[in-house]
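In what follows, a structure is listed as structure tokens, so that the remarks can point back to it.
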Amino acid sequence: MNVVFDHLDVFGSGLWITLQLTALSYLLALGVGVVVATMRVCPAAPLRAAGLVYVETVRNTPPLVLILLFVYGLPKTGVKYSLFVSAVVVLGGYTGTFVAEALRSGISAVPLGQAEAARSLGMTFGTTLRHVVLPQAIRTVIPPLGQLLSALVRNTSLAAPIGLLELTARAGQLNTSEPDPVWIYFAAAATYMIVTLPLGALTRLVERRVAVAR
Amino acid sequence: MTAPSGRPTARHRARRLFGRRNPPTGPARQRYLRRATVLYDEPGPRARFWIGVGSAVGLALVALVVVVALRRLDANHQLDRDRWEFVTDPAILRFLGLGLLNTLKAAAVAGALALAIGCLLAVGRHAPRAPVRVVAAGYTYLWLAIPLLLLIYFIGLGLPTLGVDLPLFWFLVLGLTLYNSAVFAEIFRTGLVSLHPGQREAAAALGLGFWQSMRLVQLPQAVRRMVPSLVSQFVVLLKDSSLGFVLPYPELLRRGQITGLFTHSVLQAYVVVAAVYIAVNASLSYLARRIEAGQRRPLAGTPAGPPGAPGPLVIDAGVGLAGPVAPVGAAPDGRSA
């Protein structure tokens with residue numbers, strides 16, 4: 001127990017890296033998600049196919065395999081990034097496929113009349129999507145996007161096996177120097193909960209704020 | 001052009017979307033309608049020309065990237081024959097195959113346990129006694145709030161110090177089960193909540209108790225609706241079994257890493273492992289989509305609507321007995337925009 005209170009700064013610094021990882025990879029995931037979702041509904045068949053291949057490949061690979069491939073495999077080709085950048089790219093790219101699928105289901109939940117009205121006004125595919133369909137689609141998928149954010153906070157722990165010193169890795173490090181796994185991992189779990197538990201309430205708040213009356 | 005129910009027919013819809021007089025028939029029509037979207041017109045000659053140009057340029061760019069990547073791989077001797085030779089070595093293939101078997105075994109056992117516990121939890125969250133509801137909700141939120149990897153570290157490092165010593169297989173299964181039972185519970189609950197309240201009320205009106213109502217009326221319908229989600233979550237579970245890597249339980253990823261270090265082909269071994277995971281998971285995802293597509297069609301002889309849509313219970317629809325009666329099995333058409 002004392003191990004935890006003597007090393008609160010260790011948990012703090014781990015949490016800080018975890019939060020940075022989460023924020024940057026979530027931004028990347030939202031960008032990737034919007035682009036891929038657009039590709040998957042666009043008129044050009046090759047782009048639709050490319051989006052499908054990307055989603056099916058990345059989503060069906062365990063993120064740990066992706067991270068190991070990126071960190072230990074890619075340097076063999078002479079391309080090398082820092083651990084932090086690698087983790088952000090992999091987590092963002094992986095979460096992006098889920099964001100894309102959520103957005104796609106959101107797009108199909110927008111009433112047909114909306115797109116029809118936009119198209120009758122002479123809007124093109126891009127304008128329709130950007131000004132009419134996507135803004136409504138994003139509003140309907142706020143709950144899944146919130147769940148994805150919570151999942152992302154938890155998935156940042158996958159950067160621990162490659163040695164990036166975020167919360168889980170910090171706990172492991174502390175456990176190596178002063179073994180007391182039960183309390184150390186309990187404290188780490190509690191720290192994660194401080195971040196993930198309020199996310200549900202936050203999601204509901206955002207959902208209410210941006211809700212469209214239909 | 002409309003069916004007696006007032007719904008546009010597929011033909012009507014296709015004409016509205018595409019402005020064609022005669023939409024294709026037969027299997028071609030199914031493909032045609034699946035593509036039907038209001039977001040854009042079917043590309044005309046000029047649009048097709050530009051899509052062709054764009055595809056050619058894009059393909060050329062992709063080819064360029066692939067060529068550069070291959071050249072770099074070659075320059076770093078990653079494409080040499082001896083780096084890939086392990087793929088043809090029967091002993092190594094057997095080693096990896098057993099790893100895959102371990103992965104599937106852990107996923108299957110954990111999946112079955114998590115399914116059973118998740119079902120009980122979901123029922124518990126609707127239980128008439130408040131303490132049961134609180135415990136079920138607390139359990140669910142607890143495991144959904146912490147990373148599975150942390151849980152597995154906790155189990156692998158913490159439990160032995162508490163005097164609990166199990167084979168690594170059961171450590172992995174325990175971690176996967178605790179976390180996924182919470183996820184399955186949420187999925188089942190979504191299914192239960194999506195049922196029309198009339199189902200529960202009708203069961204109560206027939207004098208069924210809580211358990212009978214759940215077992216005979218609510219759960220069968222909820223489970224059937226959530227089958228696609230359950231299969232998708234099973235894919236996630238299978239991917240998560242790769243976290244056994246840190247225990248270290250000798251599943252596919254661990255054995256892939258060992259192979260890579262042993263044969264000095266780290267990149268190649270991870271590529272093979274990733275390909276195996278993709279093959280297994282893509283088949284499972286395909287299965288999920290097939291089931292989902294099957295559910296959209298009402299089963300022969302059962303007046304069931306698609307998941308999420310109330311069945312054609314005329315009284316429910318607010319139409320009353322005097323209103324027009326929807327034909328049995330007339331499911332609201334699946335939207336495709």
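The values are calculated or read from the model by the stated rules, or taken from the named source; none is laboratory data. Keep in mind that what you see is a predicted model, and the values were worked out from it rather than measured. Counting neighbours? That spans all protein chains shown, and the Cβs are built from the backbone with ideal geometry, glycine included.
Quick notes on this one:
- Screening the candidates B:V217, B:V227, B:V271, B:V223 for the property of being within 14 Å of chain A (Cβ to nearest Cβ), assigned to a helix (DSSP H, G or I) and aliphatic (A, V, I, L, M) yields one hit, B:V271.
- Put simply, of A:T18, A:T61 the only residue that is hydroxyl-bearing (S, T, Y), outside any helix (DSSP H, G or I) and facing chain B (nearest Cβ under 10 Å) is A:T61.
- Here A:Q173 fulfils each of the conditions (1) modelled with pLDDT of 90 or more; (2) assigned to a helix (DSSP H, G or I); (3) within 11 Å of chain B (Cβ to nearest Cβ) apart from (3).
- Filter result for the condition that a residue is more than 24 Å from A:T140 (Cα to Cα), within 11 Å of chain B (Cβ to nearest Cβ) and of a type in the set (A, V, I, L, M), over A:V55, A:V71, A:V85, A:V4: A:V71
- Wholly enclosed helices (runs of 4 or more DSSP H) of segment A:109-160 bearing at least 3 residues at the interface with another protein chain (Cβ under 8 Å from one of its Cβ atoms), under 27 Å from the mean Cα position of the chain (by Cα) and closer than 30 Å to B:F154 by Cα: A:142-155
- Filter result for the condition that a residue is without any contact (Cβ under 8 Å) to a residue 24 or more places away in the chain and touching a Phe, Trp or Tyr at 6+ places or on another chain (Cβ under 9 Å), over A:V4, A:V71, A:V65: A:V65
- When residues in segment B:80-113 are screened for being over 14 Å from B:V272 (Cα atoms) and touching a Leu at 6+ places or on another chain (Cβ under 8 Å), 7 of them pass.
- From the list B:P250, B:P310, B:P303, B:P298, the lone residue that is in a loop (DSSP other than H, G, I, E, B), surrounded by 14 or more Cβ atoms within 10 Å (Cβ to Cβ), away from every other protein chain (no Cβ under 14 Å) and modelled with pLDDT of 80 or more is B:P250.
- Considering segment B:61-75, and only residues there that are within 11 Å of another protein chain (Cβ to nearest Cβ) and of a type in the set (G, A, S), the residue that is farthest from the chain's Cα centre (by Cα) turns out to be B:A75.
- Test: residue in segment B:194-203 that is surrounded by fewer than 23 Cβ atoms within 10 Å (Cβ to Cβ), among the charged types (D, E, K, R), touching a helix residue (DSSP H, G or I) at 6+ places or on another chain (Cβ under 7 Å) and within 14 Å of another protein chain (Cβ to nearest Cβ): no
- Among the candidates B:F210, B:F245, B:F234, residue that is of a type in the set (F, W, Y), surrounded by 17 or more Cβ atoms within 10 Å (Cβ to Cβ), over 17 Å from the mean Cα position of the chain (by Cα) and at pLDDT 90 or above: B:F245
- Exclusive hit being touching an Asp or Glu at 6+ places or on another chain (Cβ under 7 Å) and either crowded, with 22+ Cβ neighbours inside 10 Å or in contact (Cβ under 8 Å) with a residue 40 or more places away in the chain (or both), set A:A160, A:A151: A:A160
- Answer from A:A49, A:A23 - the residue that is part of a helix (DSSP H, G or I), of a type in the set (G, A, S) and at pLDDT below 95: A:A49
- Per-region count, segment A:168-185, residues touching a residue at least 40 places away in the same chain (Cβ under 8 Å) and within 19 Å of B:G175 (Cα to Cα): 5
- Qualifying positions in segment B:54-108 - among the basic types (K, R), without any contact (Cβ under 8 Å) to a residue 12 or more places away in the chain and crowded, with 16+ Cβ neighbours inside 10 Å: none
- Tally of residues being touching a residue at least 60 places away in the same chain (Cβ under 8 Å) and either surrounded by fewer than 16 Cβ atoms within 10 Å (Cβ to Cβ) or under 19 Å from B:V235 (Cβ atoms) (or both) across segment B:121-141: 1
- Taking segment A:177-202 as the range and being closer than 22 Å to B:P160 by Cβ and more than 10 Å from every other protein chain (Cβ to nearest Cβ) as the test, the residues that pass are A:S177, A:E178, A:A187.
- Candidates in segment A:88-108 are the residues that are among the small types (G, A, S) and within 12 Å of chain B (Cβ to nearest Cβ); of these, the one that is surrounded by the fewest Cβ atoms within 10 Å (Cβ to Cβ) is A:S105.
- Evaluating A:P43 against the criteria (1) touching a helix residue (DSSP H, G or I) at 6+ places or on another chain (Cβ under 7 Å); (2) in a helix (DSSP H, G or I); (3) within 12 Å of another protein chain (Cβ to nearest Cβ); (4) of a type outside the set (V, I, T) leaves one unmet condition, (2).
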